[in-house]
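Written out below as structure tokens is the structure these notes cover.
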Amino acid sequence: MSIIVTSQQQALDNIERFQDELGKSDELQRRLAFARAWYAAPRSGGTWNFAPSKFCGYENMTAEEYVNDEPRDGRRTEKQLQKWFSVVPESDRMFEDLYQALNAFLARYAKLPSSAIRLNVPTQYLRDRISRDEDNRARRIADLIIQVARDLPSEEAKRIKESL
């Protein structure tokens with residue numbers, strides 16, 4: 001009987017294991033296009049590992065167990081995985097990067113992502129990236145203000161400096 005994961009590390013271990021398990025099972029490969037909820041774990045070098053929720057959401061999942069057709073509830077795994085992962089909004093530029101990476105991953109098995117796809121990453125990873133983006137945006141704005149101020153007549157630059 002499959003048991004729901006109880007920690008983020010278990011889910012991450014399953015995502016990593018999924019990469020190896022795919023090579024062991026033609027049936028698992030056949031089912032790739034049916035997954036809607038994909039979970040991604042960052043790897044060094046800016047690449048990603050992926051696994052569907054029903055694979056990464058159960059303890060020590062293997063290809064053999066996944067394809068044994070034991071009833072598993074994706075709603076249960078998704079509810080549990082929400083504790084540690086967040087959906088990447090389609091409007092976020094990260095979504096397109098992840099989608100392209102998943103598409104390339106699935107293409108190795110002659111599959112395409114579902115049209116109803118949801119991409120999830122570790123929540124802390126998403127928060128850190130958003131924070132870095134906000135810091136970079138603030139820095140770009142400050143750089144722009146500095147450049148504009150340098151091009152202003154000294155009296156106007158002084159007026160700006162005084163108002164700050």
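Bear in mind that the values in this text are calculations on the coordinates, not laboratory data. Note that the coordinates shown come from a computational prediction; the quantities given were computed from them, not determined experimentally. Note that each Cβ is placed from the backbone with ideal geometry, even for glycine, and that neighbours are counted across all protein chains shown.
Roughly how many debye, to the nearest 20, is the charge dipole of the chain about its Cα centre, given +1 on each Lys and Arg Cβ, -1 on each Asp and Glu Cβ, and no other charges?
Values: 26 positive and 26 negative charges, 60 e Å.
Here the size comes out at about 300 debye.
In what sequence, highest mean first, do 151-157, 116-122 appear when ranked by Cβ atoms within 10 angstrom?
116-122, 151-157
How big is the C-alpha Rg of the chain next to the rule-of-thumb value 2.2 N^0.38 Å, as a ratio?
Dividing the Cα Rg of the chain by 2.2 N^0.38 Å gives 1.44.
Using helices alone, what [θ] at 222 nm do you get for the chain, with -39,500 (n - 2.57) per DSSP H run of 4 or more residues, divided over all residues and rounded to the nearest 500?
-16500 deg cm²/dmol
If packing is taken as the average count of other Cβ atoms within 10 Å, what order do 27-39, 62-74 fall into, highest mean first?
Values: 27-39: 18.4, 62-74: 14.2.
The densest-packed peptide leads the list: 27-39, 62-74.
Which distance in nm do the two modelled labels at Arg30 and Glu65 give, with both placed 7 Å along the Cα-to-Cβ direction?
2.2
Once phi is turned into θ = phi - 60°, what whole-Hz ³J(HN,Hα) does the Karplus curve with 6.51, -1.76 and 1.60 give for every residue of the range 153-163, x standing for Gly and Pro?
Computed from phi, the couplings for the range 153-163 are x, 4, 4, 6, 4, 4, 4, 5, 4, 5, 6 Hz.
Who wins for biggest fluctuation among Ser115, Ser44, Ser53 in a Gaussian network model of the chain, springs between alpha carbons below 10 Å?
Among Ser115, Ser44, Ser53, the largest GNM mean-square fluctuation belongs to Ser44.
Which of the peptides 108-114, 13-19 is most tightly packed, and how do the rest follow, going by the mean number of other Cβ atoms within 10 Å of each residue?
13-19, 108-114
Compute the relative contact order of the chain as a whole-number percentage, counting only Cα pairs closer than 8 Å that sit 6 or more residues apart in sequence.
Value for the chain: 25 percent.
List, in order, the whole-Hz ³J(HN,Hα) value for each residue of the range 93-99 obtained from phi through the Karplus relation with A = 6.51, B = -1.76, C = 1.60 and θ = phi - 60°; use x for Gly and Pro.
4, 5, 4, 5, 4, 5, 4
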